[in-house]
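The values are calculated or read from the model by the stated rules, or taken from the named source; none is laboratory data. Quantities reported herein were computed from a predicted structural model and do not represent experimental measurements. Quick reminder, even Gly has a Cβ in these numbers, built from the backbone with ideal geometry, and neighbours come from all protein chains shown. Ligands, DNA and RNA are excluded from the accessible area calculation, which covers all protein heavy atoms including side chains. Shrake-Rupley method; radii C 1.70, N 1.55, O 1.52, S 1.80 Å.
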Amino acid sequence: LEFFENRRDPIYNFDVYFQDDGNHALYYGPYSANTGFYFVRNSDKTRFFFNAVLLSGDLILTTHSHQVALIAQLNEHASMYGLKVKILSRDVDSHPGGYHYHNRKPYMKDFFAGKVSPYLFHMSWTASKVNKLKFFMQVRAG
């Protein structure tokens, strides 16, 4: 977890880190946080935040999305309680995801060729594990 524990890094002092989901619809704003991968520091603020998320079952059932509920709580806790949120830019190569797979084919070729070494990869924007594996095999095959 060196990426998140480097105290000299300018992005160190955040409470929660998310990848950019890529969907910038109003209900994901302003953060557009992807809930497929995130890193959370253990603190009173983050425990309070996730307790609120767990108590948002009604919103999850209404919207059919845990992501919408989490982002709603993220907005509230950032503005009311000072939760510091970092969205990792999709414009850098250290944490690619489904956006890169679908929009940056040369990067994905380099990824499978071992020419780039991202810190993490989350295959978002893909419906199932079966499809994710199929997509990876297609890229790998060339």
Whichever residue in the stretch 94-133 is among the polar types (S, T, N, Q) and either touching a strand residue (DSSP E or B) at 6+ places or on another chain (Cβ under 7 Å) or without any contact (Cβ under 8 Å) to a residue 60 or more places away in the chain (or both) and, among such residues, is nearest to Tyr31 (Cα to Cα): Ser124
Residues of the stretch 24-37 satisfying the condition of being more than 16 Å from Asp91 (Cβ to Cβ), of a type outside the set (Gly, Ala, Ser) and exposed (fewer than 15 other Cβ atoms within 10 Å of the Cβ): Leu26, Tyr27, Pro30
The one condition in (1) under 30 Å from Phe136 (Cα atoms); (2) touching an Asp or Glu at 6+ places or on another chain (Cβ under 8 Å); (3) open to solvent by less than 20 Å² (accessible area, probe 1.4 Å); (4) touching a residue at least 40 places away in the same chain (Cβ under 8 Å) that Gln67 fails to fulfil: (3)
Filtered residue count, the stretch 1-23, keeping only those that are aliphatic (A, V, I, L, M), surrounded by fewer than 17 Cβ atoms within 10 Å (Cβ to Cβ) and modelled with pLDDT of 85 or more: 1
Test set (1) surrounded by fewer than 13 Cβ atoms within 10 Å (Cβ to Cβ); (2) at pLDDT below 85; (3) over 18 Å from the mean Cα position of the chain (by Cα) - Phe112 fails condition number: (1)
Residue in the stretch 116-128 that is at pLDDT below 85, surrounded by fewer than 18 Cβ atoms within 10 Å (Cβ to Cβ) and on the phi > 0 side of the Ramachandran plot present: no
Among (1) touching a helix residue (DSSP H, G or I) at 6+ places or on another chain (Cβ under 8 Å); (2) over 12 Å from Ile87 (Cβ atoms), the one test that Asp21 misses: (2)
Flag if Asp91 is more than 18 Å from Tyr119 (Cβ to Cβ), of a type in the set (Asp, Glu), open to solvent by 50 Å² or more (accessible area, probe 1.4 Å) and free of Cβ contacts under 8 Å to residues at least 12 places away in the same chain: no
